[in-house]
1. Sequence neighbours fewer than 8 away in the same chain don't count; with that in mind, list the aspartates and glutamates whose C-alpha is under 20 Å from LYS11.
2. Could you work out how much longer the chain between LYS465 and TYR550 gets when fully extended? Use 0.36 nm per residue separation minus the Cα distance between them, nm to one decimal.
3. Counting Lys +1, Arg +1, Asp -1, Glu -1, what net charge surrounds GLU72 among other residues with beta carbon under 15 Å of its beta carbon?
4. Note the full-extension length gain between ASP345 and ALA278 as 0.36 nm times their separation in residues minus their Cα-Cα distance, in nm to one decimal.
5. For the Cα atoms of the chain, what angle does the longest principal axis make with the long axis of helix 177-195, in degrees from 0 to 90, nearest 10?
6. Residue by residue through segment 316-322, which ³J(HN,Hα) values in whole Hz follow from phi under the Karplus form 6.51 cos²θ - 1.76 cosθ + 1.60 (θ = phi - 60°), with glycine and proline marked x?
7. If we sort 498-507, 425-434 on the protection proxy, mean other Cβ atoms within 10 Å, highest first, what's the order?
8. In terms of Cα to Cα distance under 21 Å, which lysines are near enough to LYS84, apart from those fewer than 8 places away along the same chain?
Amino acid sequence: MTEQDRNIIGKILVNKGLITAAQLEEGLEEQKQTGEFICSLLVRKGFVDKDLVFTSLSQQIGVPYVDLKATEINNALMEKVPAKVACHYKIIPLEFTRNILTIAMADPFDIKILDDLGMFLDLNVQPVLSYEGDILEALKKLYGIGADTLEKMMDKNEIATAGETTPAEAAGAPEKSEEASVTKFVDQILKEAVKDSATDIHLEPYEDKVRVRFRIDGVLYETNIPQTIKYFYPAMVSRLKIMSNLNIAEKRLPQDGRIKLNVDNDDLDLRISILPSAFGETVHVRLLRSKFFLELTKLGLGGGDLKIIEKVIQQPHGVIFITGPTGSGKSTTLYACLSRLNSTDNKIITIEDPVEYQLEGITQMQVQPKIGFSFATGLRHILRHDPDIIMVGEVRDFETAEITIRSALTGHLVFSTLHTNDAAGSVTRLLDMGLEPFLLSSSAECFIAQRLVRLICPECKQPVKTKDRLMDLLDKQEQEFLAEKLYEGKGCPACRFTGYRGRTGIYEILLMDEAIRGLVLTRRTSQQIKQEAVKAGMHTLRQDGIRKVYDGITTLSEIIRVTSIEEKEA
């Protein structure tokens, strides 16, 4: 696009009152550096609404505007336009009739691109107008993540050597084009995971394919990846091994490593776990943000629960246990509590496996089982450093449990986690480990059980009628409470058409009052302890979830998914 074209389009937008002259000037200056189509740039910078500016421009220049997010794309057209061509020119094939290929592009004024496409594809090309951001998303949806990279690698006939990567090559040696492409492809997957706010990446090889899945908001979604990935998968694994300082030659044993990486100005700590499987090595990548700070008020705690926790964590000594299965947000709650207590007059030391988030002002240690540095060993040394508050990442055995409890009895406030299904179950779990009832009853202050549930997408939230099959899973009181007050997400581009975006917690908080301590001393069952806690005012995970359904925060199907049916009887 010429300077004159940019000015003409800019003046049209200014004359229509869609942008200001100052915004146009700022956009034109940046456009000189990026070469981006001026309308796409203005939308990206938030100066103007996408549909408004492209609809207006379409009317002015006589080129139809197509909203790709609302358009179903014919996958058969992929045969007309190779991935490397579509990705290079940033186009989407939309329709093919009478030797005329209709394509969506951000800049229909770019005659050079149209001429190149006509010659390369040997077709007559007709452009329509679309937003560049939508085109990039559609490319990934149509061809798959990194399709252009894989296609170029296939064209270079590099399949034969892909599984024979040396350490230098896997590290991305610049003189090797294939390995540089593998490096680029791995980076593309990582960037896409970060963009989608994924917490985990799963790379799984099978007999005739490789599956890539992202865990987003606690649920696994299969990611569209070209199946030619299977030819380069060994090189990808080698690349990840080199990045995480693992043994590239070892393919028979599990390995664990970590990578510190900056992706789109976001500092990440990647935890890599590799397992040998029947058809190759399967890889799990956990994505953690290096810089982390979260307030208790942002965890989803109800007003009453928030007051209880804020009061409990101000105790001078005692143990606070946070319980739940893997992935239920226990670490997030722990760090939020520590952030609240983090001050110059508190000495806080943690021992974790691994250190998931870095908190300034807190001494954090990581266990090293290979050299005998366990939770129990670390705790003994922590006590010699005069801490006020201690955090033990997890109580897994009797030795760690006993030292944790005795630390509380000597005047320390201790936080830790357990893997149990509910708060009352944590009591019996500790007793089963071998703890004496009198030690537990005199030191434990609180047990907090939690789960994570997905939030209804605010962009497509709508009221819905109750579903009998779900309501039948509730008791009569819960059914009457909800009545017709239910909401769900219809599904939209903002939530990837899932109806959910983001997560929040549901909680049950068991406080150790005199009645509960008495039940612990006499080794009563977890069900008896739970019943007594409910009488004292504790709400269960299910009840807290039902309240969030009533408030339109989440859906009934989410609560039923993450809580057990048995809770109805509590």
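The values are calculated or read from the model by the stated rules, or taken from the named source; none is laboratory data. None of these values were measured; they are calculated from a predicted model. Positions of Cβ are generated from backbone atoms using ideal geometry, with glycine treated the same way; all protein chains shown enter the neighbour counts. Just the protein is used for accessible areas: all its heavy atoms, side chains included, with ligands, DNA and RNA removed. Shrake-Rupley method; radii C 1.70, N 1.55, O 1.52, S 1.80 Å.
1. The qualifying aspartates and glutamates are GLU3, GLU25, GLU26, GLU29, GLU30, GLU36, ASP49, ASP51, ASP107, ASP110.
2. Going from the current span to full extension adds 29.3 nm.
3. So the surrounding residues net to -2.
4. Extra length available between ASP345 and ALA278 comes to 18.7 nm.
5. 60
6. Per-residue couplings from phi come out as x, 7, x, 10, 10, 9, 10 Hz.
7. Going by the mean number of other Cβ atoms within 10 Å, highest first, we get 498-507, 425-434.
8. Output for LYS84: LYS112, LYS140, LYS141, LYS152, LYS156, LYS176, LYS184, LYS191, LYS230.
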